[in-house]
Structures are given as structure tokens and as C-alpha cells.
Amino acid sequence: MRILALGGAGAVAREATRDLCRFGDVFREIVIADIDPGKAEHLAREIGDPRLRVISLDVRDEEGLIRQIRGFDVVMNGLPFAYDVLVTRACVEAGVSGVDLAFDEAQFELDEAARLKGMVFIPGVGATPGTTNVMAAYGARFLDEVEAIEIAFAAFRCLAPSPGLLRTTLWEFNPEEPERGMVYYEDGAWRPAPPFSGERRVRFHDQIGEQTVYYVPHDEARTMPRSFPGIRRVAVRGCFPPHVMRAMHALYEMGALSSTPVPLDGQTYPAIDLVARLLSALPASRENPVWAYGLVVEVHGRKDGHPRTVTLRNRHPPQETWGGEAAYYRNIGVPLSIAAQMIAQGEIAVRGVVPPERAIPPERFFEELARRGIEILVE
């Protein structure tokens, strides 16, 4: 088996690549493809696995991407979400199964074509979306009827560990983001919600503790209503470390997270672009006292005619054990690697473009997470 790790040396995907090397015995070759092969070569030398190989690849050359993919058994896409549709389309054209970290609704338009090719592509297999989707699917097994799913996350990382992750943070609090009109699902309709609304206190694992979370437009809320017919409500709330939340709240109140035109040096820029440039350059944007990832999923419904709530929580080793920032990144990269390995080992039975809650067997997924030190606890 051969696996192609697109962007496999990136801030998040490098942890997935490390996991492939440590646990992915099914692969005889692991190829990191990056537009910057120097960065990938550095990671390959650091890992020291003889199965690793590096190639230079610009995925914007779609024909070239398709040709490259055809030589592999699985594609693990760790690129920014802007490339999700392009990579999925290339995988379907090549007839090669794959996974990625986020999702775009347009990916699911390729479902029938993927099924006809006898392949599977699973969008959104990180921490959230990803692990949270599988947690929800597992919680649903304890119920006769699922009525609501409430997801909360606490992404404890610095503000700007990479340009892509900084943009993710700004996107989640951008009042003009089109998805703000479809933030949560309730009673058969999508509901809008502005940034910093839907406030709720949630208890995460001990490294994070109790935090205030707010509605965010997230991938899980888009797929769950289709995956659980008849469900009345799905919502995702999230937060970052307190100092990041304070900064985002101040910028939001100032209108700095919008596209408001700002004149500067004879030119005009959207405010949010200037903010992104400033934050990327500030050393403080790369500092963080605690690196961790907290997930809580509540599945509400009925069992034997009575109301019941199943709550699932994650727990993982602290940064002192996992090595600082890895205590955040592994929670995203490891699920991506596990899903790729499950595809290679024939453990994913479905075909098509399918969300994690309908594609990934929860027990095996949780078993593999536990081998890496990530526990899923059920209450």
C-alpha cells in the first residue's frame, strides 16, 4: 500500500504523518507532497522512517494532481480547506480513496461519482469536525430516538500558529461570513447567529477546565441533520484560550473582523485582511500558556420512551508529556491518520463521499485513539 500525504509537513498534518510512520504498518511507502519540498525534507529527516519520500507538487495543477494520485492507494489531505473540493474531485477522477480535515458542501455533490468508482472519501476527519462526529454517532447507539446533538470544543492553541489556522480563527468570528446565516439547525430550518452569541459554560477535561463557548458555524451542524433523520436540533459552540477570546471580542466590537474598507498608504484594504497581517507579525500571537484540545458532545433523545442524554468527553496527555504544542495538534492530526489507515485496512465499508458519523466505525476509531493516548469517556 502507498499513501500520498498532501501538505503532510504542515502545522497540523505533520502530526498525521508522524502517526502514519509510527502506526501505519499497512503502508510500504509514505509520500509527502508539498509545494515547499524543503519543509517536507526537514520533517522526513526528523522522523527518519525509510518508507518516507518527498515530492514537489502544486495541487493547483489539477491534471498533474490527478496523474500523481493514480499511483497511490489512499490520499491523506492535510492542505487548507480552500483545496478540499479540488482534492476530492481529483481523488474521484483518479478513483483513489481519501480523507481530509474539513469539508465543503460541494464535496458531497461528488458522492454518486465516487460510489460508481467503488471508492470512499471522508471529509472532515480532525478533532472537530471528525472525532466529534464519531462521538455523536456512538452516543446515538444508546438511544432509540435522537432529538438533538450539542457539540462544544475548546481549541487551546496560540492565535497564529500558521497563516491557515489564524484565518480559521478570524473566520469563526467574522460577522459577514455567509455561513453565519446557517449556524445551527433547529426544527427543520437553519438559524443565523452572530459571533459571541449562544453563550454557555461547559466543563472540559482538567487541562482546560470550565470555559465559556459560543455558537460557531461548523461542519458537524451541516451533516448531522442528514445523518440522523428526524433530529430536531444540532449546534456547535466553541472557544479558544481566554486571551485569544478577549482579543477576538475586542476586534469584533471595533468592526475589525469585517470587510470594512480601511485606507492605508494610498491604498484600501478590508479591515480583516489588515488584522490578519498584523496578528501574523506579532510575536505574542505565537505564545500560549496551555496547549490542549477539549471536546464535549451531548446526544439528547429517548430510550424506552424516556428522555435520556448521553455525554461524551475526550481526554489526552498534558503538554508536559506530549511536548508542548503537540498536545493540541495531535488531537487533529491523529484522527486523520487513523481514518486513512482504516481505509487502507478495509475497515471502512461505505462508498461515496460520506461524513465521519456515517463512515467510521466508532469502536475501532476509539480503540485506535486510545492506543495514542486519546480517550473518549461516556457518561
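The values are calculated or read from the model by the stated rules, or taken from the named source; none is laboratory data. What you see is a predicted model; the values in this text were computed from it and never measured. As a convention, Cβ positions derive from the backbone with ideal geometry for all residues, glycine included, and neighbour counts pool all protein chains shown. For accessibility, only protein heavy atoms count, side chains too; no ligands or nucleic acids. Shrake-Rupley method; radii C 1.70, N 1.55, O 1.52, S 1.80 Å.
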Problem set entry | segment 53-202: relative contact order in percent, alpha carbon pairs under 8 Å with at least 6 residues between | 13
Problem set entry | Proximal charge balance of residue 188 [Cβ under 11 Å; K/R count +1, D/E count -1] | +1
For this session: Leaving ligands, DNA and RNA out of it, rank 27, 142 by accessible area with a 1.4 Å probe, largest first.
Result: 142, 27
Problem set entry | Positive-end residue of 20, 122, 291, charge dipole of the chain with Cβ unit charges | 20
For this session: Place +1 on the Cβ of every Lys and Arg and -1 on the Cβ of every Asp and Glu in segment 149-284, take the dipole about the Cα centre, and give the residue among 243, 279, 257 whose Cα lies farthest towards its positive end.
Result: 243
Problem set entry | Cleavage-rule hits (chymotrypsin sites (Phe, Trp or Tyr not before Pro)) in segment 185-278: DSSP loop, at most 15 neighbouring Cβ within 10 angstrom | none
Problem set entry | For the chain, calculated [θ]222 nm from helices alone, where every DSSP H run of n ≥ 4 adds -39500 (n - 2.57) | -10500 deg cm²/dmol
Exercise. Which length gain, in nm to one decimal place, applies between residue 142 and residue 115 when the Cα-Cα distance is subtracted from 0.36 nm times their residue separation?
Worked result: 6.7 nm
For this session: Might you report the magnitude of the Cβ-based charge dipole of segment 231-340 about its Cα centre, with Lys and Arg at +1 and Asp and Glu at -1, to the nearest 20 debye?
Result: 720
Seminar exercise, completed: Whole-Å distance linking the alpha carbon centroid of segment 1-45 with that of segment 47-96 is 11
Seminar exercise, completed: Percent relative contact order for the chain, counting Cα pairs under 8 Å at least six residues apart, stands at 22
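So for segment 56-109, averaging the separation of alpha carbon pairs under 8 Å that are six or more residues apart and normalising by length, what relative contact order in percent results?
For segment 56-109, the relative contact order is 38 percent.
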For this session: Please give the length that would be gained between residue 41 and residue 273 if that part of the chain were fully extended, namely 0.36 nm times their separation in residues minus their C-alpha to C-alpha distance (nm, one decimal).
Result: 80.4 nm
Problem set entry | Under the Debye formula (equal points on every Cα, no solvent term), log10 I(q)/I(0) of segment 36-122 at q = 0.20, 0.25, 0.26 Å⁻¹ | -0.95, -1.28, -1.34
Seminar exercise, completed: Correct semi-axes for segment 48-95, from √(5λ) of the alpha-carbon gyration tensor and rounded to whole Å with the largest first, are 19, 13, 11
For this session: Kindly identify segment 244-379 as rounded, prolate or oblate by the Cα gyration tensor criterion: order the square roots of the eigenvalues as a ≥ b ≥ c, call it rounded if a/c is under 1.5, otherwise compare a/b with b/c, prolate if a/b is larger, else oblate.
Result: prolate
Problem set entry | Net dipole in debye of the chain [+1 Lys, Arg Cβ; -1 Asp, Glu Cβ; about Cα centre; nearest 20] | 540
For this session: Could you tell me what % of all Cα pairs in segment 140-228 have separations over 24 Å?
Result: 29
Seminar exercise, completed: Placing each pseudo-label 7 Å from Cα in the direction of the beta carbon, residue 176 and residue 282 end up separated by a distance in nanometres of 2.1
Exercise. Which residue, chosen from 311, 333, 323, occupies the Cα position most advanced towards the positive end of the dipole of segment 281-336, where the dipole is computed from +1 (Lys, Arg) and -1 (Asp, Glu) charges on Cβ about the Cα centre?
Worked result: 311
Problem set entry | Fully extended contour minus Cα-Cα distance, from residue 199 to residue 306, at 0.36 nm per residue | 35.7 nm
Exercise. How much of the calculated P(r) for the chain lies past 40 Å, in percent of all Cα pairs?
Worked result: 11
Exercise. At a probe radius of 1.4 Å, what is the per-residue accessible area of residue 55, in Å² to the nearest 10?
Worked result: 20
Exercise. Roughly how many percent of the accessible protein surface of segment 264-379 is carbon and sulfur, given a 1.4 Å probe and a whole-percent answer?
Worked result: 52
Exercise. If you place +1 on the Cβ of every Lys and Arg, -1 on the Cβ of every Asp and Glu, and leave all else neutral, what size is the dipole of segment 200-283 about its Cα centre, to the nearest 20 Debye?
Worked result: 520
Exercise. Given segment 45-202 reduced to its alpha-carbon atoms as identical point scatterers, what log10 I(q)/I(0) does the Debye formula return at q = 0.11, 0.13, 0.16 Å⁻¹?
Worked result: -0.60, -0.83, -1.17
